[in-house]
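Data first, discussion second: the structure below is written as structure tokens.
The values are calculated or read from the model by the stated rules, or taken from the named source; none is laboratory data. Everything numeric in this text was worked out from a predicted model, so none of it was measured. Accessible surface is based on the protein model in full, side chains and every heavy atom, while ligands, DNA and RNA are left aside. Shrake-Rupley method; radii C 1.70, N 1.55, O 1.52, S 1.80 Å.
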Amino acid sequence: MLSPHRGNMHGIACPMIARQAILGFSLSLTLAAALAVTLAFSAAFPREIRAQTEDEETVSAIFDERLTSGEMYYLLEDLCKNIGPRLSGSEGAERAVAWAKEVMEGYGFDRVYLQEVMVPHWERGDPEQVRIVNVEGGMIELRALAIGGSVATAPEGITAEVVVVHSVDEVDELGRDAIEGKIVFYNRPFDQTVIGTGPGYGGAVTQRSAGPSRAAMHGAVGVVIRSVTSGFDDEPHTGGLRYLEDVERIPAAALGFQSADRLVEVLEAQPDAQLYMHLSSKWHPDALSHNVIGEIRGSERPDEIILVGGHLDSWDVAEGAHDDGAGTVHAIGVLRTFMNLGIRPRHTIRAVLFMNEENGLRGGLKYAEVAKETGEKHVIALESDAGGFTPRGFGVTAADDVIERFRSWLPLFPQNTISYINKGGGGADIGPLRRETDTPTIGFIPDSQRAFDYHHAPTDVFEAVNRRELELGGASIASLIYLIDKYGLRDEKAQ
Ligand SMILES: [Zn+2]
């Protein structure tokens, strides 16, 4: 058994030598000494133990490289500050595509190319106005953002009484008599009792995605929701909605947590208070955009691809630092780190920066369609789209023996980084690839306590990312990809 602690046996294995080459140290003496020790070591220990030690050394070198260079953190800064928001179809998204291609070309990846994809193009328009009117003491402004994809209100806005509900089913229970002509306020809060925040989000997000059409089925004229957030500040959180085909499309906005509290308070005191909403969002025709793809070609199995991805698009109101600038630099960083450390992969390692995860998933769908058409073989696909927070684990959708194999590598990860491999996991963008080509998938799981404080809110900016946490995540992903590349999903004789 390996110790879960990282060894400190510098000078024994190859990655250390590679690292010194990058740092520009004089190689001659160190190299000779290292080779001598390596040879002595090789003779003294059986192959299995040698492999374990070599893996420990390589994983250690990957973590060292990422933590000391901080290179991906500064790349993220560049994306956030010099490109900024990049919703599909926007000028920002197109600049992000050009940026990503240039970055990967600049790093000298073996192949960098664009994959065409048509994407939806929605614009928010003027700043949203949502206020409580017809209330004692004048009106009360609320902080709000249109939910992504929402139609505009009439140019003069809409004013209506408010019906408070806590679920989409409650709208059905109340029925048309209670709903018609009103604005429905979905006030379901994030479940704070869930320790991992993902299910808290999952439990509340239906009011954003399905709430507007459900309310419209009963004659509502507009919808506001309590933002789907674990935070307690007043930042509104946008996100996507899905209008049903044959139902009238009504405008919908998300309120900041405190604004939602305020609305509840006012309605308790004065149930006939009204809400005024003005949204000027707009739909345009689909636009041409691209997935951006970079590769390091495999030395032994170049036709077998290990994919690592994130999404390049972001919501329009933020820099998309955690969502998903972090995943973007995590993906690029795997290839960059391999090059920095002189790791030549056996399989082709492909970074895919998907377009349009946020409001359409067209990039993921297009990628899967092309992969199926061309018959490209994907060994496995990993996605990072849960933020640049401290790494905790991976979720893996694959056969049980593959999951067991991954679990056997857990002792190689430094303490306080990756400590579990869950059964089941992947990501929105690589979901279609799994469905179309049966490719196993992996989702990177960082700590989730702060993720939904920032998710889809104007506060998702570079300053919300911690350099060490981001790089630890990137190093964890690069280490797992290194191990998969080296050992495969199964013993190769059995493959
Ligand atoms: Zn995302």
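Using alpha carbons only, how many degrees (0 to 90, rounded to 10) separate the axis of helix 168-179 from the longest principal axis of the chain? Tilt of helix 168-179: around 20 degrees. Seen against the Cα atoms of the chain and their longest principal axis, helix 326-341 is set at about 10 degrees. For the stretch 220-229, putting each phi into the Karplus relation 6.51 cos²θ - 1.76 cosθ + 1.60 with θ = phi - 60° gives couplings of 5, 9, x, 9, 10, 10, 6, 3, 7, 8 Hz, in residue order, rounded to whole numbers and with x for Gly and Pro. For the stretch 260-353, the share of DSSP beta bridges that are antiparallel, to the nearest 5, is 40%.
Surface exposure of the chain, expressed per residue as accessible area with a 1.4 Å probe, stands at 40 Å². Of all beta bridges that DSSP places with both ends in the chain, some 55 percent have antiparallel geometry. Remark: the chain projects, on average over all directions, an area of 24.8 nm² (convex hull of Cα atoms). By the gyration tensor of its Cα atoms, with a ≥ b ≥ c the square roots of the eigenvalues, what is the shape of the stretch 145-283: rounded for a/c under 1.5, prolate for a/b over b/c, or oblate? Note, shape of the stretch 145-283 comes out rounded. The count of lysine pairs in the chain with alpha-carbon distances below 23 Å, taking only pairs 8 or more places apart or on different chains, stands at 8. Mean sequence separation of contacting Cα pairs (under 8 Å, at least six apart), scaled by the length of the stretch 179-306, corresponds to a relative contact order of 22 percent.
Starting from one equal scatterer on each C-alpha and no solvent at all, send me the Debye-based log10 I(q)/I(0) for the stretch 363-455 at q = 0.19, 0.21, 0.22 Å⁻¹, two decimals. Here the Debye-derived log intensity ratios amount to -0.90, -1.02, -1.07.
Across the stretch 267-319, Cα-Cα pairs more than 16 Å apart make up 74 percent of the total. An oblate overall shape is assigned to the stretch 409-495, the ratio a/c of its alpha-carbon gyration tensor axes (a ≥ b ≥ c) being 1.5 or greater and a/b not exceeding b/c. Averaging the sequence gap over all C-alpha pairs within less than 8 Å and six or more residues apart, then dividing by the number of residues, gives the stretch 314-399 a relative contact order of 42 percent.
The angle between the Cα long axis of helix 47-69 and the longest principal axis of the Cα atoms of the chain comes to about 50 degrees, rounded to the nearest 10. Here the alpha carbons of the stretch 52-114 define both size measures, Rg and Dmax, at 15.7, 49 Å.
Surface composition of the chain: carbon plus sulfur atoms hold 52% of the accessible area, using a 1.4 angstrom probe and ignoring ligands, DNA and RNA.
In percent, what relative contact order does the chain have, based on Cα pairs under 8 Å that are 6 or more apart in sequence? 20 percent.
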